[in-house]
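Enquirer: Dumping the structure here so I can ask a few things about it.
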Amino acid sequence: MKKNTILAVLMAMTAMTAQAQTYLDPNAPLEERVKDALSRMTTHEKVQILHAQSKFTSAGVPRLGIRQLNMDDGPHGVREELEWNTWNPAKWTNDYIVAFPSLTCLASTWNTEMSTAYGNAVSEEFAFRGKDIMLGPGVNIQRTPLNGRAFEYMGEDPFLAGEMVVPYIKAAQANGIACCLKHFVLNDQETDRFGVNVNVSDRAMREIYLRPFQKAVEKAHVYTIMGSYNKWKGVHCCHNDELLNGILKKEWNWDGALVSDWGGATNTLEAATGGLDIEMGTYTDGKTKESEFGYEMYHLGNPFEQLLKEGKVPMSVLDEKASRVLRTIFRTSMNPKKVIGNQCSEAHYDVCRQIGEEGIVMLKNEKNILPLDPSKWTKYHNVLVVGENATRSLTQGGGSSELKTLRDISPLDAFKKKYEQMVDYAQGYYSGRAMYDFVDKIDEAKQAELKAQALEAAKGADLIIFIGGLNKNTRQDCENGDRESYDLPYGQNELISELAKIQKNIVVVTFGGNPYSMPWLKEVAAVVHCWYLGSEAGTALVNVLSGEVCPSGKLPVTFAEKYEDYPYVQYGKEAYPGVNKEVYYKEGIFVGYRHFSSNNVKPLFPFGFGLSYTKFAYGKPTTTVEGDNIVVQTTITNTGKVAGKEIAQVYVSAPKSNVERPVKELKGFGKTKLLQPGESETLRITIPVDELNYWDETKNGWARIMGPYTLNVGASVEDIRGKVEVDN
Ligand code: BGC
């Protein structure tokens, strides 16, 4: 062969090799990798990557060196390893992790830096455990305080949830871990979650329920989203054409992969054409029955392939789905920039503790009983801690978010560590364990005995710290069932009242993802709500109670005085939990504080409320329009005696018009750094002008009423410190 010919052959071979490597070339543009990979796959291989091959993985293409996707719950840490085909624990010994605080707690920090820290730390644990997709976070709206999974979400306000979730997703995905945002959409109750059909106005759908998801798509570019079990317009949201193909993929231009909730795909044709990309958990009833069918029998397995063969669904649908899955693979499991991560590092415990400290909300503090002052304690053992949640692990229970932790520090352990022999403990009540259908029967005699012991111990105490609340038992903040009552369970209301009769110096500390009634509020000196705090629960709580950390969390939900005050309750069962699996969101856009402030219903504690050990003065707000943004500036000064952080909130009031609007809507917020006494900081809060829009049902699009708008700057929705007008 001539030299030239040899050269030509060599060049052609190199070109072929280069071409052969495009999909494997991490430096090649993503879409070229996807296209190249797709061109090499058979129809069967394309179908194979669209469904589960085990409880928590979906297949890659081994022949081509295309990796599978490893998924796991989510959202507060990496779930323990389960067996390949069942919900049983795999009993590994290297899958102990850090439990981070519940997402409701993260929302209570109102601190986007905490979201970044959370997303970064938790995704590092996912990476180290060899995962690619983290099943979480969740941004369903806390429409009812009975929602069993509210603790996994970010409160009642779409703006707060959206702003807080974006940095979390960005940080996690920068580590090469895809977030799988849950549960798209309207999964706002657990009662009948598998089949309830949600009837909601287009306006409420757009302004309230879709909003945080839309932000996560547009601002954080979330890689995967989990469809919800429930229906919208009569079709399950895991394969709802209008929702997934129409709104999510076309209108929002989303290029990610839609993952079904486990067992959420129920119909082959809909699964094929309704926008689902990865089908998981089918042929289980969600939690209890094991997979009885081969994975190839999934809707997006052989049945889908058959539809393609028969020409009932075009090949382009297959290619589109497979492209979305390949994109996800290249962004995660085959992303050379994916971090190795780490597990149970001290840095992760620090993040866990800090988020907990900033998310704890102090609701009442009479006569400054807090921070605790040990110099007032006269003798040993005169601080009495009462309540099961002082010792119970709250990282367990709750459903799929349950975690197997390496170490947890309980409130009682932390109290003892800090105050040593000053502290005594009485359990006061017990709840047993309860998960799904299994519920421990409460032994009334034992309950009475525990109560009597606590009341007896209270007689010798100078200070009582009651630590109770909800506990992730079934119907007490747990998946697959809502709470049955707005009251605290297990006789806690009576116990608190009776303890308070014996000792007025009583601090009530509660855990829980939801608001609850407080008939004893006037009888107790202080109330502190902790959500769920994860592995560092005790340390975070004691740091706040002792004053080492000044509380700065504020409520992401309204605490109503009584259940009947929540907006939907007046409309009866049709509005919640639904009748014959049809639920009507009759309150429309008036969810949470939008209802309380517009209809003059006085809450027990308003949205955005939280006390501090110090006080803050707000300077007169000013505003400027900069391009497409309104910038509000307000100077916050710490006028008290200890260092603290303040959260300033901006609520927009629209001008009067014939469009119904809530009196106030959150459209901006900012948190100061730790301000020393006397120190000031000017917060610059940027509000995109588009945030003033409302959904115009007559035009099926966003619209804006001409201003002037009033911007109310305040410490909560009910505590407005300054107002300023702006024209749009
Ligand atoms: C839950 C999801 C969870 C999945 C896998 C479902 O029942 O709704 O949130 O990710 O199970 O455990």
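The values are calculated or read from the model by the stated rules, or taken from the named source; none is laboratory data. These figures come from a predicted structure and were not determined experimentally. Positions of Cβ are generated from backbone atoms using ideal geometry, with glycine treated the same way; all protein chains shown enter the neighbour counts. When the accessible area is computed, the model is the full protein with side chains, heavy atoms only, and any ligands, DNA or RNA have been set aside. Shrake-Rupley method; radii C 1.70, N 1.55, O 1.52, S 1.80 Å.
Enquirer: Hey, if we sort R353, R79 by accessible area with the 1.4 Å probe, largest down, what's the order?
Expert: Greatest to least solvent exposure: R353, R79.
Enquirer: Using a 1.4 Å probe and counting only protein heavy atoms, arrange T682, T109, T710 so the residue with the most accessible area comes first.
Expert: So, going from the largest accessible area down, we get T682, T710, T109.
Enquirer: Taking a virtual spin label 7 Å from the Cα of V339 along the C-beta vector, which residues in segment 45-84 bring their backbone nitrogen under 16 Å of it?
Expert: Zone members listed by number: 77-78.
Enquirer: Right, here's the next one. Would you please classify the overall shape of segment 159-269 from the alpha carbon gyration tensor, given that a ≥ b ≥ c denote the square roots of the eigenvalues, rounded means a/c under 1.5, and beyond that prolate means a/b larger than b/c while oblate covers the rest?
Expert: prolate
Enquirer: Kindly write out, for segment 699-706 in residue order, the coupling ³J(HN,Hα) from the Karplus curve 6.51 cos²θ - 1.76 cosθ + 1.60 (θ = phi - 60°), rounded to whole Hz, with x marking Gly and Pro.
Expert: Once θ is set to phi - 60°, the couplings for segment 699-706 become 9, 6, x, 6, 9, 10, 8, 5 Hz.
Enquirer: Which net charge results when you count Lys and Arg as +1 and Asp and Glu as -1 among the other residues whose beta-carbon is under 12 Å from that of P89?
Expert: With Lys, Arg at +1 and Asp, Glu at -1, the net is -1.
Enquirer: By average Cβ neighbour count within 10 Å, what is the ranking of 173-180, 593-600 from highest down?
Expert: 173-180, 593-600
Enquirer: Which residues in segment 507-531 place their backbone N less than 17 Å from a point set 7 Å from the Cα of D373 along the Cα-to-Cβ direction?
Expert: 507, 525-526
Enquirer: Using amide H atoms built 1.01 Å from N in the peptide plane, name the residues 5+ places from Y425, or on other chains, whose amide H lies under 5 Å from its own.
Expert: V385
Enquirer: Pull out the extension gain between N253 and E420, defined as 0.36 nm times the separation in residues minus the alpha carbon to alpha carbon distance; nm, one decimal.
Expert: Gain on extension, N253 to E420, equals 54.3 nm.
Enquirer: Okay, which of segment 603-622 sit inside 20 Å, backbone N to the point 7 Å along the Cα-Cβ direction of E113?
Expert: 612-617
Enquirer: While we're here: Just to be sure I understand the model, the point goes 7 Å from the Cα along the line to the Cβ. What's the resulting D25 to K573 distance in nm?
Expert: 6.4
Enquirer: If you average the sequence gap of Cα pairs under 8 Å that are 6 or more apart and divide by the length of segment 349-557, what percent do you get for the contact order?
Expert: In percent, rounded to a whole number, it is 35.
Enquirer: What length, rounded to one decimal in nm, is gained on full extension from D628 through to E523, with 0.36 nm per residue of separation minus their alpha-carbon distance?
Expert: 32.8 nm
Enquirer: Something else about it: Rounded to the nearest 20 Debye, what is the dipole magnitude of segment 614-727 about its Cα centre when Lys and Arg each give +1 and Asp and Glu each give -1 at the C-beta?
Expert: Value, rounded to 20: 460 debye.
Enquirer: Using 7 Å Cα-to-Cβ label points, what is the K581/E296 separation (nm, one decimal)?
Expert: 3.1
Enquirer: With θ set to phi - 60°, apply the Karplus curve 6.51 cos²θ - 1.76 cosθ + 1.60 along segment 421-431 and write out the HN-Hα couplings as whole Hz, x wherever there is a Gly or Pro.
Expert: Karplus values, whole Hz, x for Gly and Pro: 6, 5, 9, 10, 9, 9, 5, x, 7, 9, 10.
Enquirer: Could you state the angle between the C-alpha long axis of helix 537-546 and the longest principal axis of the C-alpha atoms of the chain, as a value from 0 to 90 degrees rounded to the nearest 10?
Expert: The angle comes out at about 40 degrees.
Enquirer: Check which residues have an amide H placed less than 5 Å from N728's amide H, if you skip close sequence neighbours.
Expert: When sequence neighbours closer than 5 places are left aside, the close amide H contacts are G707, Y709.
Enquirer: Tell me, what % of the accessible area of segment 349-557 is carbon and sulfur with a 1.4 angstrom probe?
Expert: C and S fraction of accessible area: 49 percent.
Enquirer: Just want the answer: with Cβ charges of +1 for Lys and Arg and -1 for Asp and Glu, which residue in A426, I355, L545 is farthest toward the dipole's positive end in segment 349-557?
Expert: Of the options given, the answer is L545.
Enquirer: Related question: Using a 1.4 angstrom probe with every protein chain in place, what is the largest-first accessible-area order of F194, F56?
Expert: Final ranking, largest accessible area leading: F194, F56.
Enquirer: Just want to confirm a number: the relative contact order over the chain, from Cα pairs under 8 angstrom separated by 6+ residues, in percent.
Expert: Relative contact order comes out at 14 percent.
Enquirer: Can you tell me what share of the DSSP beta bridges in the chain is antiparallel? A percent to the nearest 5 is fine.
Expert: 60
Enquirer: Simple spin-label model, 7 Å along Cα-to-Cβ: K459 to A347 in nm?
Expert: Taking the two extended label points, one gets 5.5 nm.
Enquirer: Using each residue's phi in segment 105-121, evaluate 6.51 cos²θ - 1.76 cosθ + 1.60 at θ = phi - 60° and report the 3J(HN,Hα) Karplus result to the nearest Hz, with x for Gly and Pro.
Expert: Each residue of segment 105-121 in turn: 5, 4, 4, 5, 6, 6, 10, 5, 5, 5, 4, 4, 4, 5, x, 5, 5 Hz.
Enquirer: At R0 = 30 Å, how high is the FRET efficiency between N382 and E679 if r is their beta carbon distance? Nearest 0.05 is fine.
Expert: That pair, N382 with E679, gives E of 0.25.
Enquirer: Okay, next question. Taking the highest mean first, how do the peptides 114-124, 502-512, 695-705 order by number of other beta carbon atoms within 10 angstrom per residue?
Expert: Ranking the peptides 114-124, 502-512, 695-705 by packing returns 114-124, 502-512, 695-705.
Enquirer: Cut-off under 13 Å on the C-alpha distance; same-chain residues fewer than 8 positions from K131 excluded. Which aspartates and glutamates are left, in chain and number order?
Expert: Within reach: D72, D73, E80, E81, D95.
Enquirer: Right, here's the next one. If amide hydrogens are placed 1.01 Å from N in the peptide plane, which non-local residues have theirs closer than 5 Å to the one on F511?
Expert: Result for F511 returns G468, G469, L470, C530.
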